[in-house]
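Only the coordinates and a few stated rules stand behind these numbers; no lab work does. Values in this document were obtained by computation on a predicted structure and should not be read as measured data. Here the Cβ positions follow ideal geometry from the backbone for every residue, glycine too, while neighbour counts run over all protein chains shown.
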């Protein structure tokens, strides 16, 4: 998706060897107009796929998923919680996720009421690197006897194992921008059809 | 806002003396169509107010704020972070917030790049109870020399001190549904013009 790549080149900041910081438009400040274009693109890529619900994970995925849902006929969006607060159902589907960025393990929790047999779920997230978060979401969908219809990612680090981990689990992955490498503070994209 | 009140009566669950659980449409599963109507209503209430940015707090505020922004000409949305991750700017505006629900204190953090002099900011959140989170956001806006143009709340607990705390700080508060009381497992609304 050219508009996104252009935005990454203009506003993305490379930190160290493989961190791309995009907090001016994706995961701290959010560019709603760009999100809308991303929604159109996800709809285009998944137009022949049965999808009745979107699942994402707090916090950065939520804004994107909500806008994307508008392009899928306003289907409900569920966000998995990392901390189960006092208001959370006792009955949840839970999966352990290891975060490389933060070097710790956390749970993703979804109330059993919101994943059901017959659900065709599109998983949305901002980044795909090692795939741990998305694998946790797949696990949660499967626990609820739902089907993962696809995984929509904004920025994929194509040089990490995320995609192969997800495809190993039978998931179709669509990323709007795939980084081929980050080198000398510069970002290189993989060419996509 | 009648549509919202109806939804609360149909799907809200009262827990204990003053917890209203609305996780089927507001803060775990999200009803995007309803969010859109909420966006229209906020725009209507703040139509004569100068607003160029929306500020909210992770996680539940993000989905609402993102949809609301579409009704304000796609202005940028910034979400304050409770945990400053490794990708976060070192230079942040920070305010301490006490959470009654979780009985602990946390920080709200916003990168200094995203609040500036001249900003007219609409603060959006899902709930207003004691007002601690919103006061933290006001504090952060003021640290950045921005102006709080208003505070848009989905559900206000009218029997708690939140509104008076915010008005004491000079903020205009608009809530789409105000709870007058919760009694015997039932929700009563305050009448609004």
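A few remarks follow.
- Ranked packing of B:37-47, A:15-25, most packed first, by mean Cβ within 10 Å: B:37-47, A:15-25
- For the peptide B:19-29, the mean number of other protein chain Cβ atoms found within 10 angstrom of a residue's Cβ is 5.
- Against the main long axis of the alpha-carbon atoms of chain A, helix A:2-11 sits at an angle near 70°.
- The protein assembly as shown - share of DSSP beta bridges that are antiparallel (%, nearest 5): 45
- The stretch A:82-193: radius of gyration and largest Cα-Cα distance (Dmax), Å: 15.3, 48
- Mean separation of Cα contacts under 8 Å (6+ apart) over length of chain A, as relative contact order %: 19
- Neighbouring Cβ atoms from other chains, within 10 Å of the Cβ of residues in B:100-111, number 1 on average.
- Highest-MSF residue in chain B out of B:150, B:63, B:118 [GNM, Cα springs under 10 Å]: B:118
- Per-pair calculated FRET efficiency, R0 = 25 Å: residue B:94 and residue B:159 via Cβ, rounded to 0.05: 0.25
- Mean sequence separation of contacting Cα pairs (under 8 Å, at least six apart), scaled by the length of the stretch B:59-132, corresponds to a relative contact order of 34 percent.
- Modelled spin-label separation between residue A:21 and residue B:120, with each label point placed 7 Å from Cα along the Cα-to-Cβ direction: 3.1 nm.
- Eigenvalues of the alpha-carbon gyration tensor of the protein assembly as shown, scaled by 5 and square-rooted, set the equivalent ellipsoid semi-axes at 32, 25, 19 angstrom, largest first.
- Taking the label point 7 Å along Cα→Cβ, residue A:118 and its counterparts in the other copies are spaced 5.5 nm apart, in ascending order.
- Of B:113, B:172, B:163, the one that fluctuates the most in a GNM where chain B has Cα springs shorter than 10 Å: B:113
- Remark: label point of residue A:14 defined 7 Å out from Cα along the Cα-Cβ vector; separations to the same position in other copies 5.9 nm, ascending.
- Other-copy label distances relative to residue B:90, 7 angstrom Cα-Cβ extension, nm: 4.8
- When only alpha carbons are used to place a centre, the stretch B:31-63 and the stretch A:72-115 end up 24 Å from one another.
- Among A:145, A:175, sorting on how many other beta-carbon atoms sit within 10 Å of each Cβ, with the fewest leading, yields A:145, A:175.
- Candidates A:85, A:158, A:136, ranked by Gaussian network fluctuation over chain A, Cα under 10 Å, top entry: A:85
- Going from the fewest other Cβ atoms within 10 Å to the most, the residues A:174, B:167, B:91, B:156 appear in the order B:91, B:167, A:174, B:156.
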